[in-house]
1. Going highest first, how would you order 393-401, 254-262 by mean Cβ packing within 10 Å?
2. Among the listed pairs K122/K336; K174/K250; K181/K250, which are separated by more than 26 Å between their Cα atoms?
3. Taking the Cβ of A311 as the center, what net charge do the other residues with Cβ under 13 Å away carry, scoring Lys and Arg +1 and Asp and Glu -1?
4. Grab every C-alpha pair in segment 90-170, bin the distances at 10 angstrom width from 0 up to the longest one, and report whole percents.
5. In whole Hz and in residue order, list the ³J(HN,Hα) couplings for segment 230-236 that follow from phi through the Karplus curve 6.51 cos²θ - 1.76 cosθ + 1.60, θ = phi - 60°; x for Gly and Pro.
6. Taking only the Cα atoms of the chain, how large is their convex hull per residue, in Å³?
7. Give the long-range amide H neighbours of E168: residues separated by 5 or more places, or on another chain, with amide H under 5 Å away, using H modelled in the peptide plane at 1.01 Å from N.
8. How big is the charge dipole of the chain about its Cα centre, in debye rounded to the nearest 20, if each Lys and Arg gets +1 on its Cβ and each Asp and Glu gets -1 on its Cβ?
Amino acid sequence: MKARSLNRMTVAALLAVAPALVRAEEKAPAETPPAAGETEAAQPEEPMLEAPADVAAPPADAEKTESGLASKVLTKGTGDAKPTAADTVTVHYSGWTTDGELFDSSVKRGQPTSFPLNGVIKGWTEGLQLMTVGEKRRFWIPADLAYGENPGGGRPGGMLVFDVELIEIKEVPKVPEDALKSAGGVAYKVISEGDGGETPGDGDVVTFHFTAKSMEGQVMQDTRSQPAPPSVPVDKLPAEMKEMITGMTKGEKRSAWLPEARLPGGHVVAEFELVSFKAAPPAPPVPDDVAAVPDDAAKTESGLASKVLKAGEGEDMPKATDTVKVHYTGWTTDGKLFDSSVTRGEPTQFPLNGVIKGWTEGLQLMKVGEKRRFWIPADLAYGENPGGGRPGGMLVFDVELLEIVR
């Protein structure tokens, strides 16, 4: 039970290891002290960026789009090529609030910046697609196409004004035109055929290898680097992955282009190999005491409560630095099952110091062979409202310690 992903394969989890796809703040080169005999005046001066005279509001001659984005060409570009939302662009820019305060500038830092056009604020994604290379344009971006009226986090609110110079367009590879399309519209190619037998269905657990790459070929995840390929119930797979896997036979390999707007090119290039599949074991019944900690549960100072369901063997208990192998099932206090190695049909293994606090503490109370029920308060789990698909509030787990892997 991983601290964040619960060992569950989702597109979002795959992308968690991808590079950040928002514009990074680039640092200015460090200043170099003047050499002997030189004066400060001999050093390059920092650009003085005055606020535009029309910074307060779009002028009458500005162009406007249906979205409310206003712009004005300051310097014409060359050629006819314009970027698409899937492309990566290199630009110089400066940004002001409507009261003339400069809040960001690549010009001031002395170097341009590059980013995927679909990874920035809406006004930039739309506006840069109007430009050709070499063009310089001023944008008046309304709040709903920028960061909103009161975004917090140090970001500027309200309408923002940007001067942007488009230096380069880097087109990302496109989905091959000869790719097949699934019923749901996912593009794919069969790399090698499987055994031609049955395909997995909703009641099955699938074991598969998976490699995720960007459209430019950067590997983001490869399950072959793990000790074993993942096994996941078919009904827990993201829709696009489920559609691919359920169309494959044992041993088949496919490439698929899974939609992911945040990546350059708008897709994850996924390579699947269906290793095997089997009927999913039935889910364990919901505990009668799932709603609250019973009176006979033991409690620790941290607030962790637990109850031994089956005694273990010997005296050996794991330390926080150990790796353990377990079977587990987790419920919210309303009885909803949110994760289970039991329904996947195989135990899971993890470093004990790499999971939620309640697990790190609780597993150290157990002996090999022991099965215990834990009531883990929110502050030892994921919090009250964690987001990202993780369950909030108190969580209840049945855990069986199978092995301390040393």
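1. With the highest mean Cβ count within 10 Å placed first, the list reads 393-401, 254-262.
2. Cα-Cα > 26 Å for K122/K336; K174/K250; rest within.
3. Numbers: positive: K307, K310, K367, K371, R372; negative: E313, E315, E370, E400.
Counting the neighbours of A311, the net charge comes to +1.
4. 18, 55, 26, 2
5. x, 10, 9, x, 4, 6, 9
6. Here the figure is 230 Å³ per residue.
7. Counting only residues 5 or more places away or on other chains, the set is T90.
8. Using Cβ point charges on Lys, Arg, Asp and Glu, the chain gives about 860 debye.
The values are calculated or read from the model by the stated rules, or taken from the named source; none is laboratory data. If you're wondering where the values come from, they're calculated on a predicted model, not measured in any experiment. Backbone-built Cβ (ideal geometry, glycine too); neighbour counts: all protein chains shown. Ligands, DNA and RNA are stripped out before the accessible areas are found, and what is left, the full protein with its side chains, is counted by its heavy atoms. Shrake-Rupley method; radii C 1.70, N 1.55, O 1.52, S 1.80 Å.
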